[in-house]
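Since the structure comes first, as structure tokens, the remarks are kept for the end.
The values are calculated or read from the model by the stated rules, or taken from the named source; none is laboratory data. This one's a predicted model, so the numbers in the text were calculated from it and none came from an experiment. In this analysis, Cβ positions are derived from the backbone assuming ideal geometry, glycine residues included, and neighbour counts consider all displayed protein chains.
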């Protein structure tokens, strides 16, 4: 987490959309979700004990418990390598991490990872939520045919108008785009959907996945500043 983000959190203002996201999908083996949740919770606790400065947000599909999404928030694409180097330098002193990670990997049927940067042509207009306070997430991934990126982004901009409650991220490796909608609760997911103009765009892309995910607090390692921001933004009880 960057110093700027920490300062914004301390000031109790809305956290701006991260410049870089590493989005990781795990599809678990049949019958694996319960064991996976237990192992991931043990990994979270092991990181806490080791005081390793790495954090992540884990979301589980509202429809399929075998479908998981991890969000790793960074200030720049190079931060992913720095995070990897941090793990490599500290993990040897904590052998339980390798053991737990191997156990976790044995429960995964398939996975994919995409490093993305935010396209700032779309103005993000949150109602009252941000990355520190969201408890659910609507996410859709689009594989765009090479040469159709401009048409795709023009449609995204037209759908957003002067602003939108969702944001758009682009892969650093290929023409893959991710639409991401932070939500304060799973119930808010009723209002989250792929914009109509994008649904009408029949050619130039394949939508590989879309859906509503809820935050798993036991499988996430949330920075202390995120926790503080979340508490400060919680609704105050009404006086009687």
Note to self: Between 103, 119, which is touching a helix residue (DSSP H, G or I) at 6+ places or on another chain (Cβ under 6 Å), touching a residue at least 40 places away in the same chain (Cβ under 8 Å) and surrounded by fewer than 17 Cβ atoms within 10 Å (Cβ to Cβ)?
What the structure shows: 103
Check: Taking only pairs six or more apart or across chains, which ones have beta-carbon atoms under 7 Å, a first residue in the stretch 1-30 that is within 16 Å of residue 115 (Cβ to Cβ), and a second residue that is part of a loop (DSSP other than H, G, I, E, B) and modelled with pLDDT of 50 or more?
Finding: 18/131; 19/75; 19/76; 20/75; 20/76; 20/77
Item checked: The one condition in (1) more than 23 Å from residue 171 (Cβ to Cβ); (2) outside any helix (DSSP H, G or I) that residue 88 fails to fulfil -> (2)
Next item on the list: Identify the residue in the stretch 183-193 that is surrounded by fewer than 17 Cβ atoms within 10 Å (Cβ to Cβ) and part of a loop (DSSP other than H, G, I, E, B) and, among all such residues, is modelled with the highest pLDDT.
Entry: 185
Notebook entry, point to check: Quick check: is even one residue across the stretch 54-73 closer than 25 Å to residue 175 by Cβ, touching a residue at least 12 places away in the same chain (Cβ under 8 Å) and in a helix (DSSP H, G or I)?
Noted result: no
Check: Based on what the data block shows, is residue 79 touching a strand residue (DSSP E or B) at 6+ places or on another chain (Cβ under 8 Å) and surrounded by fewer than 12 Cβ atoms within 10 Å (Cβ to Cβ)?
Finding: no
Next item on the list: Tell me, yes or no, whether the stretch 157-177 has at least one residue that is within 19 Å of the chain's Cα centre (by Cα), exposed (fewer than 13 other Cβ atoms within 10 Å of the Cβ) and in a strand (DSSP E or B).
Entry: no
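Okay, residues lined up against (1) buried (at least 17 other Cβ atoms within 10 Å of the Cβ); (2) at pLDDT below 95; (3) part of a loop (DSSP other than H, G, I, E, B); (4) in contact with a strand residue (DSSP E or B) (Cβ under 9 Å, 6 or more places away or on another chain):
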position: 133; (1), (2), (3), (4): yes, yes, yes, yes
position: 146; (1), (2), (3), (4): no, yes, yes, no
position: 150; (1), (2), (3), (4): no, yes, no, no
position: 181; (1), (2), (3), (4): yes, yes, no, yes
position: 203; (1), (2), (3), (4): no, yes, yes, no
